[in-house]
Amino acid sequence: MVAVYIRVGSPERSVHNLNKQLSVCSNFLESNGKKIEYVYEDIISAHQLDKRFIDILDDMIKRDIDELYVQNWSRVSRNTKTIIEIVEMFRENKKRIISIENFPEVLTESFIVDGLKNKLT
């Protein structure tokens, strides 16, 4: 099963930007033969996301969702180290979090973490 995570940082941007992210994700998944089963949606600053992905992961486990798609990594965090930690947490629980804008490169599991780690050096 597949889910999507969409997020904006402030209410002023909410409707248009959330709809845009959902549309991008939906179009991408449909073109790859996948159907959105669930949407996680937040109006929250990236700096306030601390434990949000722990809750999402727990919910994905309960719902038997295998993959979480985001339009780009900035929806998860603006901090590369935090992104790596979240991706590894998902991987440890046999779940995947995938950035659509980086999709061609994430065809292998190791690219996600290894590629982001390389950006830190």
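The values are calculated or read from the model by the stated rules, or taken from the named source; none is laboratory data. Keep in mind the model is a prediction, meaning the values are calculated, not measured. Cβ: placed from backbone, ideal geometry, glycine included. Neighbour counts: every protein chain shown. With ligands, DNA and RNA removed, areas are computed over all heavy atoms of the protein, side chains included. Shrake-Rupley method; radii C 1.70, N 1.55, O 1.52, S 1.80 Å.
Applying the set (1) part of a helix (DSSP H, G or I); (2) buried (at least 18 other Cβ atoms within 10 Å of the Cβ) to Tyr5 leaves exactly one unmet item: (1). Of a type in the set (D, E, K, R) and either surrounded by 18 or more Cβ atoms within 10 Å (Cβ to Cβ) or outside any helix (DSSP H, G or I) (or both): is that true of Glu37 in this structure? Yes, satisfied. The C-beta contact set for the stretch 74-86 (first residue closer than 12 Å to Ser99 by Cβ, second residue assigned to a loop (DSSP other than H, G, I, E, B) and open to solvent by less than 50 Å² (accessible area, probe 1.4 Å), distance under 9 angstrom, 6+ apart or interchain) comprises Val76/Leu49; Ser77/Leu49; Ile83/Val76; Ile83/Ser77; Ile86/Val76; Ile86/Ser77.
Just to be sure, is Tyr69 hydroxyl-bearing (Ser, Thr, Tyr) and touching a residue at least 40 places away in the same chain (Cβ under 8 Å)? Lay out the reasoning, then the answer.
Numbers: hydroxyl-bearing (Ser, Thr, Tyr): yes; touching a residue at least 40 places away in the same chain (Cβ under 8 Å): yes.
For Tyr69, the condition - hydroxyl-bearing (Ser, Thr, Tyr) and touching a residue at least 40 places away in the same chain (Cβ under 8 Å) - is met.
Against the numbered list (1) open to solvent by less than 70 Å² (accessible area, probe 1.4 Å); (2) more than 18 Å from Asn93 (Cβ to Cβ); (3) in contact with a strand residue (DSSP E or B) (Cβ under 7 Å, 6 or more places away or on another chain), Val24 comes up short only at (3). Taking the numbered list (1) under 13 Å from the mean Cα position of the chain (by Cα); (2) modelled with pLDDT under 90; (3) of a type in the set (A, V, I, L, M, F, W, C); (4) over 21 Å from Val8 (Cα atoms) in turn, Val113 passes all entries but (1).
One residue stands out among those in the stretch 40-71 that are assigned to a loop (DSSP other than H, G, I, E, B) and of a type outside the set (S, T, N, Q): the one that is farthest from Arg13 (Cα to Cα), which is Asp64. Which residues, counting only those in the stretch 72-102, are outside any helix (DSSP H, G or I), at pLDDT 90 or above and farther than 17 Å from Lys20 by Cα? Asn93, Lys94, Lys95, Arg96, Ile97, Ile98, listed by residue number. Yes or no: the stretch 43-66 includes at least one residue that is open to solvent by less than 30 Å² (accessible area, probe 1.4 Å) and among the hydroxyl-bearing types (Ser, Thr, Tyr). Among the residues of the stretch 43-66, not one is open to solvent by less than 30 Å² (accessible area, probe 1.4 Å) and among the hydroxyl-bearing types (Ser, Thr, Tyr), which makes the answer no.
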